[in-house]
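The values are calculated or read from the model by the stated rules, or taken from the named source; none is laboratory data. Not measured: the values here are computed from a predicted model. Methodologically, a virtual Cβ is constructed for each residue, glycine included, from the backbone with ideal geometry; neighbour enumeration extends over all protein chains shown.
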Amino acid sequence: MRGVYESVFVFHVGITKSGTTTLQQSVFTDHPDIFYLGKHKRAGNTTEKGSLNEDVFSVLEPLLWRNLKEPVDLEAAKKVYQGRVVPMVDSRQTIIASWESFANLPSAKFAERLRRLRVVVGDIRVLFTLRNPINWLPSQYFEALRNNYFKNSRDRLFLGRPYLDFDTWLTMRAEERGGQGLPGFLCYNDNIRLCVETLGRDNTGIFPLEFLAREPERYYHELSDFLSVDAGNMQELSRGRHHNPRLLAADVEFMRHIAEDSEKLACWRAQSVAQRRKAFRAMRESHGSEEHMAPASIEMSNDFRTLVAQSTAERHRWLSEQFGLPLDDFGYPC
């Protein structure tokens, strides 16, 4: 067995909607060269935060999720990690923790989470999977719509309604970051820079979704190198896998009509999650075959495109120079 300081430990931080679910459910979970701490999404896992088991959660909770104002005993977490988690790891395996919401944490919080993790597990690599923000923001919006429709507790911006238009959602989401606007919401670049300065460029991996779409074999080969795992297994596990269901234009209209009709809105608010899923399925079936239905889409306004460019272009140029990434060819504001 490898000791804690001999193991390769990779923290995959997202961003969301950048191929993360496919990695989590198809690659990290099943690759023989990976010991996967979570996030596990498969049925049957009941450990908090999708952690592998209670020991893993007890180690990661004070590092990743505990309120930063509360006291934390890092030495106790380190003892559990070395005594209970590391002995489970095969000497050939890379340890991976994957929770995709961390890439866009405010940088001060990200830095403290990273510091705590390094104290407990030793040297680490940080993996960022990215997506062009012009496409990522609408994708985030549709994900928020879907989650809110079924649970109406995942996104407080909706205020108990099943629909919010994109411009309003994005404006309110940006304002959540203490008046920083979009730069505060799109802060993954600042966290990448922090990792480069703290860990070094070789220990910071950048893998855009557009790279995967254009050259999947090269993408997975280079990702395998970064993770120190076998590339052939990764190629096989990822082939043809896509786990996030797309939202359709009819779905969005369905949600909007509910929000605009007081009787339908009252009914939706009274429904259980199971009842909402049943109504959603019935709507889908009434439209016929899903493969012939148009996907949901958003044409971002020029004003918002300008704001996104102003918030990210300089940082993307730095990222391109540091890592040799053709982000301008991928359509990123540069």
Members of segment 199-230 found to be aromatic (Phe, Trp, Tyr) and under 26 Å from VAL121 (Cβ atoms), listed by number: PHE207, TYR220, PHE226
Of the residues in segment 288-334, those that are assigned to a loop (DSSP other than H, G, I, E, B) and polar (S, T, N, Q) come to SER289, SER297, SER301
Please go through (1) within 30 Å of ALA270 (Cα to Cα); (2) within 19 Å of the chain's Cα centre (by Cα); (3) modelled with pLDDT of 90 or more for PRO162 and return the number of the only condition it doesn't satisfy. (2)
Exactly one of SER286, SER311, SER301, SER297 is surrounded by 16 or more Cβ atoms within 10 Å (Cβ to Cβ) and of a type in the set (Gly, Ala, Ser), and that residue is SER311
Which of (1) in a strand (DSSP E or B); (2) surrounded by fewer than 20 Cβ atoms within 10 Å (Cβ to Cβ) is the odd one out, the single condition THR129 does not satisfy? (2)
Subset of segment 60-71 (residues that are surrounded by 17 or more Cβ atoms within 10 Å (Cβ to Cβ) and either outside any helix (DSSP H, G or I) or among the polar types (S, T, N, Q) (or both)): none
Against the definition (touching a helix residue (DSSP H, G or I) at 6+ places or on another chain (Cβ under 9 Å) and part of a loop (DSSP other than H, G, I, E, B)), how does ARG277 come out, yes or no? no
For segment 78-111, which residues satisfy the criterion of being among the polar types (S, T, N, Q), buried (at least 16 other Cβ atoms within 10 Å of the Cβ) and under 14 Å from the mean Cα position of the chain (by Cα)? SER98, ASN104
May I ask you to say which residue of LEU164, LEU114, LEU145 is out of contact with any strand residue (DSSP E or B) (no Cβ under 7 Å at 6 or more places or on another chain), surrounded by 21 or more Cβ atoms within 10 Å (Cβ to Cβ) and in the same structural domain as CYS267 (by TED's automatic domain parsing)? LEU164
